[in-house]
1. What is the extension gain from A353 to T65, computed as 0.36 nm multiplied by their sequence separation minus the C-alpha to C-alpha distance, in nm to one decimal?
2. Does a label point 7 Å from the Cα of R423, set along Cα-to-beta-carbon, have any residues of the range 324-347 with amide nitrogen under 16 Å, and which are they?
3. For the range 430-465 and the range 184-207, write down the distance between their C-alpha centroids in whole Å.
4. Between beta-carbons, use under 9 Å as the cut-off and find the net charge around V288, counting Lys and Arg +1, Asp and Glu -1.
5. By the scheme Lys and Arg +1, Asp and Glu -1, what is the net charge of all other residues having a beta-carbon under 13 Å from that of P56?
6. Provide the FRET efficiency to the nearest 0.05 for the T384-E338 pair, computing r from the beta carbons and using R0 = 25 Å.
7. Report the full-extension gain for the segment N486 to K161: residue separation times 0.36 nm, less the Cα-Cα distance, to one decimal in nm.
8. Run the quick spin-label model on E172 and T475: label points 7 Å from Cα toward the beta carbon, then report their separation in nm to one decimal.
Amino acid sequence: MLSGLALTTALILSQSLPGFAQVNPETTTAETTQALPGAVAGRPLTFADLAAQVSPSVVNITTSTTVAERTMPQGIVPEGSPFEDFFNDLENGPGGQPRRSSALGSGFVISADGYIVTNNHVIEGADEIEIEFFPGDGQPAAQLPATLVGTDPNTDIAVLKVEYDSPLQFVEFGDSNGVGARVGDWVMAMGNPLGQGFSVSAGIVSARNRALSGTYDDYIQTDAAINRGNSGGPLFNMDGEVVGVNTAILSPNGGSIGIGFAMSSQVVKNVVDQLQEFGETRRGWLGVRIQDVTPDMVSAIDGLDTARGALITDVPAGPAEDAGLLAGDVILSYDGTEVADTRELVRMVGNSAVGATIPLQVLRGGEETAMEVTLGRRETDEATAFPASEEAPEPADAGAEMLGLTLSPVTPELVEEFSLDDRPGLVITDVDPASDAAGKGLTPGDLITDAGQQAVTTVEELQARIDNAVEAGQTSLLLLVRRDGNPRFLALALEDKTDSE
């Protein structure tokens, strides 16, 4: 029973906040209940019907693995690690002796013939995978063994298969970019939290398009309670469609604090289709190194009015080179869709079919140009085009000074000292710690190959680029810098120019 103060406060809030039903203290409980549905239209009074509808398609997953010896303490990761796995209840075994380790997770059935989606980390390294179905009529009465169809560590998705003599109930993917997955929309999570068995939690979409650490990350953030064991389970919209796969949590203590992440169905569906068809992913590959255009680069790139697109830093032999793309080009649109940044471009290319011919809009030399590129396959082509390079040592050398840098043309001695390739350019041998160059992270051993989107091999050529930029009223100069063979553009403020001109 509310006290007088509490009741007064409730009435004031209900009258002052839009969307809240106004309650008359003299109204009966029945009358209030009847008034609520119209006053809070769209807000579910219960999730019971939805839970009953989709429960038969949600599964618990148990894996077993033979471990040669215990290599880490129980719990797997240090307490407080921000993105702990949701499960992994390892059993202690005799030191140095082989033992069986079990882990728990969740999943969901996507077809009547027994295909199941879960997280890769739920089943990674497992010798045996057992599937437990929600109890009910027509459901398997015991655990069924599952076989692994395929995995994609890049998105942490795996597809399993079980055999059963009757069609299984299944759920379908929804549109994670559409109605039902907008920020503020209701969602429901199901799974096997902390090994407690089938469990339901509900909340809203807290944010979209979150990135954690993966190349193709596109996570839905939700405040629906998610804990260890929920990994691989579905996140449903109110139509019973899967809009995300519960994958990670942000937590200082390993438990839910209302910040959970589900990989969006837009990403998952494409991966699942490929794993079902090929047993592996086959992603499109453009064949370039790219970086974001930062605000301080805008004035240094002719024809660009705002920080947008993806700036090409390197073009090895491959699809982009065949199409005529060059380092310094800015990709503004891909297949008719504007490119906001590199993350968006990587996702769009990865979701494209191998061998597809894609139209691009490219900014080059201040003019936009329409181009086409025929995509390769990332899984097979990337390692060949971009082989791993060795780390360079730290020593420095003397030379001309400008832009807060001490520079020297490439010499055999510098090539050996810094483990450089035979590419021409200017070697940074020292960096003024108070300069913009230091603030941008330049270090001795870095190689400048382009300035103002033109090649430079001598100090005189770099000085000419600086003078041209100053005369054009630019406040910064765009440099292409290579470190350990990896290229990156950055813009240096021209006020760091020294008297060496």
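1. Once the chain is fully extended between A353 and T65, it gains 100.1 nm.
2. So the set is 326-329.
3. 52
4. Spelling it out: positives minus negatives among the neighbours equals -2.
5. Cβ neighbours under 13 Å give a net charge of -2.
6. 0.25
7. Result: 112.9 nm gained on full extension.
8. 5.3
All of the numbers you see were taken from the coordinates with simple rules; none came from a lab. Treat the numbers as computed from the prediction; the structure is a model and nothing was measured. Quick reminder, even Gly has a Cβ in these numbers, built from the backbone with ideal geometry, and neighbours come from all protein chains shown.
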